[in-house]
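A short worksheet on the structure shown next.
The values are calculated or read from the model by the stated rules, or taken from the named source; none is laboratory data. These numbers come from a predicted model, not from an experiment. Positions of Cβ are generated from backbone atoms using ideal geometry, with glycine treated the same way; all protein chains shown enter the neighbour counts. Just the protein is used for accessible areas: all its heavy atoms, side chains included, with ligands, DNA and RNA removed. Shrake-Rupley method; radii C 1.70, N 1.55, O 1.52, S 1.80 Å.
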Amino acid sequence: MKNLFELSDQIIAVTGAAGVLAGGTAKYLQGQGAFIIYLDLFQEKVDETVAEAKKISDKCCGYACNVLDQAALDAVYEKIMVDLGRIDVLINGAGGNMPGATIGPDQDVFDLQMDDYSKVLDLNLKGTVMPTMTFAKAFKAQGSGCVVNFSSMSAAQTLTRVLGYSNAKAAIDNFTKWMATEMAIKYGDGIRVNAIAPGFFISHQNRALLINEDGSYTERGQQVINKTPFRRFGEQDEVYGTIHFLISEAAKFVSGAVVPVDGGFSAFTGV
Ligand SMILES: NC(=O)c1ccc[n+]([C@@H]2O[C@H](COP(=O)([O-])OP(=O)(O)OC[C@H]3O[C@@H](n4cnc5c(N)ncnc54)[C@H](O)[C@@H]3O)[C@@H](O)[C@H]2O)c1
């Protein structure tokens, strides 16, 4: 019987691939037999990541590529098409927050730093739209392809403090649905665009916000746990299976979905 989750002929580009969630997912997918193109901002981080990935298999390569630099995206796209001839999946993992786009505990909303707000909108939203526009050209030509975007719990409901990030991730939900519709209507049902909305996973960027140096929860960390029926943060490997599903033939009729991977956070009112 056919394995709906087979990945061994898949060529997958991953942005933010030196990071925690996208990087872990990329290595998992490579372990499942896919060919992975690791993309991240700095050459040194990419080299370290690819050196690790080579221990899994030879089916990988990596490029330093700023997702906001169209020339860099075009160069990577051309290289992939020359070297590998096609691309099957794009995982848009690059993203994140910065302090000036966040309202600090002793600040109010009018302290928002507009420059940082714009940077966070750019990184998360344009940093998803630009690689998609670049790589989806191959999907159009092939009549097949998959995109997985990274949304957040801050997109569909309000999380205090993280204004820029919330606005950007809400726009990613909208872009996911918009692009899913556009691709299918114009180029057929072989092209699918979905997103995952991770709950709270400890990463470089949110550790200090959620966990004290002694390992106890911060006040905000405790608030998150209180609204999470699983009563814990996510482990990075808990996003792998959902992404595997979304890019596989098992999800052949799934497009425009934003799938929560959140221990029940989005389902629970907290009461
Ligand atoms: N960790 C969480 O709890 C959580 C929750 C919801 C959503 N997310 C989202 O998941 C995605 C991955 O997050 P993570 O926790 O693994 O973060 P991370 O910081 O570990 O990884 C993000 C990666 O993106 C790279 N990056 C940043 N700017 C870039 C640019 N301009 N071009 C190319 N690469 C760039 C960074 O170098 C880093 O390696 C992000 O979109 C994040 O917003 C994370």
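Observations
- Working note: Karplus 6.51/-1.76/1.60 with θ = phi - 60° gives the range 160-172 the couplings 4, 6, 8, 5, x, 4, 4, 4, 5, 5, 4, 5, 5 Hz, where Gly and Pro are set to x.
- For the chain, built as a Gaussian network whose Cα springs stay under 10 Å, the top-fluctuating residue of Asn206, Asn194, Asn66: Asn206
- For Cys146, the residues whose modelled amide H falls within less than 5 Å of its own, excluding neighbours fewer than 5 places apart on the same chain, are Val89, Leu90, Arg192.
- Expected-Rg normalisation [2.2 N^0.38 Å, Cα atoms] applied to the range 62-161: 1.32
- Restricting the calculation to Cα atoms, every distinct pair contributes to the Kirkwood radius of the range 1-69, found to be 12.0 Å.
- Fraction of the pair-distance distribution of the range 142-268 above 17 Å, Cα-Cα pairs, percent: 61 percent
- Accessible surface of Arg161 - all protein chains present, 1.4 Å probe, nearest 10 Å²: 70 Å²
- Amide H contacts for Cys60 (H built 1.01 Å from N in the peptide plane; partners 5 or more residues away or on another chain; cut-off under 5 Å): Ile36.
- Local net charge near Ala18, Cβ-Cβ under 13 Å (Lys/Arg +1, Asp/Glu -1): -3
- Amide H contacts under 5 Å for Gly199: Val261, Asp262, restricted to partners 5 or more places along the chain or on a different chain, H placed in the peptide plane at 1.01 Å from N.
- Hydrodynamic analysis of the chain uses the Kirkwood radius over alpha carbon pairs. Inserted into Stokes-Einstein at 20 °C and 1.002 mPa s, it gives a translational diffusion coefficient of 113 µm²/s.
- All-pairs Cα distance distribution in the range 186-254, expressed in whole percent, bin size 5 Å: 3, 14, 20, 17, 12, 10, 9, 8, 4, 2, 1
- Under the convention that each Lys and Arg Cβ holds +1 and each Asp and Glu Cβ holds -1, the size of the dipole of the range 194-270 around its Cα centre is about 220 debye.
- Rounded to the nearest 10 Å², the accessible area of Thr158 at probe 1.4 Å: 130 Å²
- Computed over the range 52-106, Cα set: Rg, Dmax in Å: 16.4, 53
- The C-alpha atoms of the range 10-115 occupy a region whose extents along the principal axes are 50, 28, 24 Å, arranged from largest to smallest.
- Exceeding the 25 Å Cα-Cα cut-off - candidates Lys27/Lys79; Lys54/Lys137; Lys54/Lys177; Lys126/Lys227: Lys54/Lys137; Lys54/Lys177; Lys126/Lys227
- Mean projected area in nm² (Cα convex hull; one quarter of hull surface) for the range 217-271: 4.7 nm²
- Accessible-area value, Glu235, 1.4 Å probe, nucleic acids and ligands omitted, Å²: 110 Å²
- Ordered from highest to lowest accessible area with the whole protein assembly present and a 1.4 Å probe, Phe110, Phe5, Phe42 read as Phe110, Phe42, Phe5.
- Only beta bridges with both residues in the chain are counted; by DSSP, about 5 percent of them are antiparallel.
- Each Lys or Arg adds one and each Asp or Glu takes one away; over the other residues whose Cβ falls under 15 Å from the Cβ of Ser57, this sums to +1.
- Which of Gly241, Thr158, Ile211, positive extreme of dipole for the chain (C-beta unit charges): Gly241
- Under a model in which nothing but the beta-carbon of Lys, Arg (+1) and Asp, Glu (-1) is charged, the range 4-134 shows a dipole of about 460 debye around its Cα centre.
- Cα lying deepest toward the dipole's positive end in the chain, options Asn167, Gly96, Ile11, charges on Cβ: Ile11
- Cβ-defined net charge surrounding Asp122, 13 Å radius [Lys, Arg +1; Asp, Glu -1]: -1
- About its Cα centre, the chain has a charge dipole of approximately 740 debye under the convention of +1 per Lys or Arg Cβ and -1 per Asp or Glu Cβ, with nothing else charged.
- Debye log10 I(q)/I(0) at q = 0.19, 0.21, 0.28, 0.29 Å⁻¹ for the range 132-201, Cα point scatterers: -0.73, -0.82, -1.16, -1.21
- When the helices of the chain are scored as -39500 (n - 2.57) per DSSP H run of n ≥ 4 and the total is divided over every residue, the value at 222 nm lands at -12500 deg cm²/dmol.
- Within the range 127-271, DSSP assigns beta bridges of which about 10% are antiparallel (rounded to the nearest 5).
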